[in-house]
Amino acid sequence: MELRDKILEVVVEVAELSECELVSDFNDSTILLESGLDSLGFAILVARLEEELDYDPFAEMENAVYPTTFAEFVSIYSQNK
Amino acid sequence: MQLVNYIKKHKSSSTLFSYQKKDFNVNDFLSEVKLARYHFQSELKDKNICLKLKNAYEFIVMITALDGLCSSILLLPHELDIDSTEALSIEHESVMIIDKLEFPLSAKNDETETCTEVEYATETDWVLATSGTTGRPKLIIHTLASLIRTCKILKQPNKNQITWGLVYQPQRFAGLQVVLQSMLAGNKLVIADGEFQSQVEALIYGEVNCLSATPSMWRKLLIDGKIKELGFLQITLGGEACDKTILNSLSKAFPNSRMFHIYASTEAGVGFSVKDKQEGFPKSWLENGTDGVEMKISKGKTLLIRPNILPTGSEITNRLDNNGFIDSGDVVSITGERVIFQGRESGAINVGGNKVHPEEIETVLREFHEILDVKVYGKKNPMIGQLVVADIVLEQQTNNKDELKVIKKLIISRAKKKLELYKVPTFLTFVDEIIINSTGKVDRNNDG
């Protein structure tokens, strides 16, 4: 499975777990803060991805990077593999 | 009165201990105590010494021999690390650490007879170490009198019918209570140490009918199931919060047994016991006290207690407020007519600033019939501090991944109906068993 699709699958799962409703047209250019996930949801998302992918790019970064869109979020995972 | 003098009142032929399938009667025990006293009298009279023996029976012989002889005895669990042992024995000013006995303790008659018995009258301090879950263990100074203050001699027409089991370490407060209670009453004590299965075996072999253990240990014993063949007269729980599930399971398994939930700590001595087989304790005790203990709830919702006899030492005096109350560190809430324990203040998981007590979530999850046992703890998270996660033992274990996925979803969706969202475990790990540590408690500090 493509990394992007894997991440999207986890996003959907986490949204369900944290009772957040994702915006209906969720896509690569969706702004994360407007995606429907709340802070608990993001915390679970990053932890869940670490478990699924075996790495946490945010923990390994020297300078904090804050992705704005879903595409940027995915690229952080693909660049810091 | 010294410990040895309590033992001398018992009939010399009655069995006092059973250890590694061997029985020791009052006469056997007193001979060994006499021999130990004779051996150590010149060296240790009025000195401070530290006992760190692995063999539980030898430990009990030694505390009996040294009470009245030494000025102060420090009791340390044998597995305590070297650094803590050294630091604590220096603080205690011990002149010697006894970690093995260099003479055979089994006395031959002729040897015992040659040693002359000397009367000792020193009032010995009994010094215990806290379990040190929040930092280095600290010394708490008791006396035999403060330790046995609440020992109740069980009223039974024939006291030989009572057999206590010891699953706690005798060097810690809870274990010492069991040892002293049983010795004072002249009951038989089955010392069940070692691995869990050998403990179970010893309890069954010794036909134990009174047992004190933590709720975690009782849960483990019930899951194992072999213990159910024993007819308990007395079940005592302590050391951790006791939820409805464990009380109900024990009542069901042992309907004829009395059940006490002891609220005690190394710091405060025994507080009180709850005997009505219900969770928490009656709210009226906050106004009227119980067993000479006064209680109130602090602003931080922790239980403050004022027992009538407190141990001494700076560790205790520093923790008393102006009215002589000590903060137990246990968070409580009032539900109807009961005061219910929520969990340890220091054990709360911090989810984005919200305090979550793992015990509360465990109680909810244990009510699900798929779940046999559970441990809830915090997992470090860079965005939110910690997340709630759970290790789960399933009633029906399976390795089928699809099946596990369905069970996970089911557990989480049900937990969401009973708990606020931030309290719902975000990760579930299926495990074979929940490990308990040497004090019989669940260790929740494995991650952040």
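Restricting attention to segment B:407-415, does a residue exist that is more than 14 Å from chain A (Cβ to nearest Cβ), open to solvent by less than 80 Å² (accessible area, probe 1.4 Å) and either part of a helix (DSSP H, G or I) or farther than 30 Å from B:LYS283 by Cβ (or both)? Yes, because at least one residue in segment B:407-415 is more than 14 Å from chain A (Cβ to nearest Cβ), open to solvent by less than 80 Å² (accessible area, probe 1.4 Å) and either part of a helix (DSSP H, G or I) or farther than 30 Å from B:LYS283 by Cβ (or both). For segment B:416-425, a residue qualifies if it is open to solvent by less than 50 Å² (accessible area, probe 1.4 Å) and away from chain A (no Cβ under 11 Å), and exactly one does: B:LEU419.
Here is a check on your reading of the model: is A:TYR77 touching a residue at least 12 places away in the same chain (Cβ under 8 Å), within 14 Å of another protein chain (Cβ to nearest Cβ) and under 27 Å from B:ILE412 (Cβ atoms)? It is false that A:TYR77 is touching a residue at least 12 places away in the same chain (Cβ under 8 Å), within 14 Å of another protein chain (Cβ to nearest Cβ) and under 27 Å from B:ILE412 (Cβ atoms). Could you say whether any residue in segment B:324-346 is within 14 Å of chain A (Cβ to nearest Cβ), touching a Ser or Thr at 6+ places or on another chain (Cβ under 9 Å), surrounded by 20 or more Cβ atoms within 10 Å (Cβ to Cβ) and not acidic (Asp, Glu)? So far as segment B:324-346 goes, no, none of its residues is within 14 Å of chain A (Cβ to nearest Cβ), touching a Ser or Thr at 6+ places or on another chain (Cβ under 9 Å), surrounded by 20 or more Cβ atoms within 10 Å (Cβ to Cβ) and not acidic (Asp, Glu). A:VAL12 meets all of the listed conditions (1) in contact with a Gly (Cβ under 9 Å, 6 or more places away or on another chain); (2) at pLDDT 90 or above but one, namely (1).
Annotation for segment B:384-406: at least one member residue is part of a helix (DSSP H, G or I), within 12 Å of chain A (Cβ to nearest Cβ) and surrounded by fewer than 17 Cβ atoms within 10 Å (Cβ to Cβ).
B:VAL270 meets the conditions (1) more than 22 Å from B:ASP193 (Cα to Cα); (2) in contact with a Pro (Cβ under 8 Å, 6 or more places away or on another chain); (3) modelled with pLDDT of 90 or more in every case but one. The failed one is (3). Candidates are the residues of segment A:38-72 that are within 14 Å of chain B (Cβ to nearest Cβ) and in contact (Cβ under 8 Å) with a residue 40 or more places away in the chain; the one that is least open to solvent (accessible area, probe 1.4 Å) is A:LEU49. Against the test of being away from chain A (no Cβ under 14 Å) and either hydrophobic (A, V, I, L, M, F, W, C) or crowded, with 17+ Cβ neighbours inside 10 Å (or both), the options B:LEU372, B:LEU428 yield a single qualifying residue, B:LEU372.
Considering segment B:163-276, the qualifying helices (runs of 4 or more DSSP H), each wholly inside and each with 2 or more residues that are in contact (Cβ under 8 Å) with a residue 40 or more places away in the chain and open to solvent by less than 20 Å² (accessible area, probe 1.4 Å), run over B:173-185, B:215-224.
In this structure, is B:LYS54 among the charged types (D, E, K, R), open to solvent by 50 Å² or more (accessible area, probe 1.4 Å) and over 27 Å from the mean Cα position of the chain (by Cα)? No, not satisfied. Determine whether B:ASN350 is polar (S, T, N, Q), more than 24 Å from the chain's Cα centre (by Cα) and either open to solvent by less than 20 Å² (accessible area, probe 1.4 Å) or within 14 Å of chain A (Cβ to nearest Cβ) (or both). So B:ASN350 fits the description; yes.
Quick one: count up the residues across segment B:299-317 that are at pLDDT 90 or above and buried (at least 16 other Cβ atoms within 10 Å of the Cβ).
The initial filter retains those residues of segment B:299-317 that are at pLDDT 90 or above, namely B:299, B:301-304.
Remaining after also requiring buried (at least 16 other Cβ atoms within 10 Å of the Cβ): B:302-304.
Within segment B:299-317, residues that are at pLDDT 90 or above and buried (at least 16 other Cβ atoms within 10 Å of the Cβ) number 3.
Scanning segment A:29-49 turns up at least one residue that is over 22 Å from B:GLY352 (Cβ atoms) and modelled with pLDDT of 85 or more.
Considering only segment B:353-369, how many residues are within 14 Å of chain A (Cβ to nearest Cβ) and closer than 24 Å to B:SER131 by Cα? Please lay out each step first, then the result.
Here is the first cut: in segment B:353-369, the residues within 14 Å of chain A (Cβ to nearest Cβ) are B:353-354, B:356.
Going one step further and asking which of them are closer than 24 Å to B:SER131 by Cα, we end up with B:356.
Total satisfying the criteria: 1.
Looking only at residues in segment A:13-37 that are within 13 Å of another protein chain (Cβ to nearest Cβ) and open to solvent by 70 Å² or more (accessible area, probe 1.4 Å), the one that is nearest to A:ALA71 (Cα to Cα) is A:GLU16.
The values are calculated or read from the model by the stated rules, or taken from the named source; none is laboratory data. The structure presented is a predicted model; accordingly, all values stated were derived computationally and were not measured. Reconstructed Cβ throughout: ideal geometry from the backbone, glycine too, with neighbour counts over all protein chains shown. In case anyone asks, the SASA skips ligands and DNA or RNA and just uses the protein heavy atoms, side chains included. Shrake-Rupley method; radii C 1.70, N 1.55, O 1.52, S 1.80 Å.
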